[in-house]
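Encoded as structure tokens, the structure appears first; notes follow it.
Only the coordinates and a few stated rules stand behind these numbers; no lab work does. Since this is a predicted model, take the numbers as computed values, not measurements. Virtual Cβ from ideal backbone geometry, glycine too; neighbours counted across all protein chains shown.
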Amino acid sequence: MRDFGTYTLLEMHSSYSLTHEGKEQRKLLNILHSFTEKVIEESKQKRLMKQSNGIEDENPTAFVDILLEMSENEPGLFTDVEIRQEVDTFMFEGHDTTSSSISWSILLLGHDQVVQERAYNEQYSIFGDSDRHITKQDLSKMIYLEAIIKESLRLYPPVSYMSRRLDSDLKLEKHTVPAGTNVLVIPYFLHRQSQLYPDPEKFDPDRFLNLDTNRHPFM
């Protein structure tokens, strides 16, 4: 699985699927997809059973149930493959990125006593000596903790790259990238651009506080 999680430029070539690595990747993908398809099929059967018994699921809570309900209400909205791809994202990609983000955030906190103290004081101002459960209202008060997480994601993004195909020509200064081109966006380098983030190598959660209203919401 470790090899499956790596990426090489060879994967972009059409002949990659014919290599030993390509065949092994396809084998592993089939295992993952079969698991997801089983989950989706079980959800379908549960929904059919409820419907046959006259039980309406007014507020589906599982993401897969929401997708299935939307597909039932509007046939053709999603194909089975598209539903599986969305479920794949939550089942397999979410846990790895979440654990990675938490690990980096804790590591960065451990190396900065000042930031750590501010984070502690914010939490203490919310909870005091109580050990009660967290509420949604509490989360809205964790402004500095949110800034810490965002700064951690900036320095060490859990997703190494994102691939997109251009629907139209893209103008980049004096260059034009034609429509149909596969583009790789690498957050690690993008987030270290000094014109976007002054002193980019510094761990500074304050850069996400009192943001300029003209700043792009995804930066």
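Summary table below
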read-out: Residue-span extension gain [Gln51 to Tyr16] - 0.36 nm each, minus C-alpha spacing; value: 8.1 nm
read-out: The chain: calculated mean residue ellipticity at 222 nm from DSSP helix runs of at least 4, using -39500 (n - 2.57); value: -16000 deg cm²/dmol
read-out: Length released on extending from Ser168 to Ser130, taking residue separation times 0.36 nm less the Cα-Cα span; value: 8.2 nm
read-out: Inverse mean reciprocal Cα-Cα distance (Kirkwood Rh) of the chain, Å; value: 21.8 Å
read-out: Label-to-label distance, nm, for residues given as Glu72 and Asp199 (7 Å Cα→Cβ offset); value: 5.6 nm
read-out: Estimated FRET transfer efficiency when R0 is 22 angstrom, pair Ile186-Asp96 (beta carbons, to 0.05); value: 0.80
read-out: Sorted by Cβ density within 10 Å, fewest first, the residues Ile102, Ile126, Ile31, Ile148; value: Ile31, Ile102, Ile126, Ile148
read-out: Sorted by Cβ density within 10 Å, fewest first, the residues His20, His111, His191; value: His20, His111, His191
read-out: Estimated dipole of the chain in Debye, rounded to 20 [Cβ of Lys and Arg +1, of Asp and Glu -1, Cα centre]; value: 500 debye
read-out: Fewest-first sequence of His95, His175, His33 by Cβ atoms within 10 Å of each Cβ; value: His175, His95, His33
read-out: 5 angstrom amide H check on Leu170, placed H, neighbours 5+ away; value: Val177, Ala179
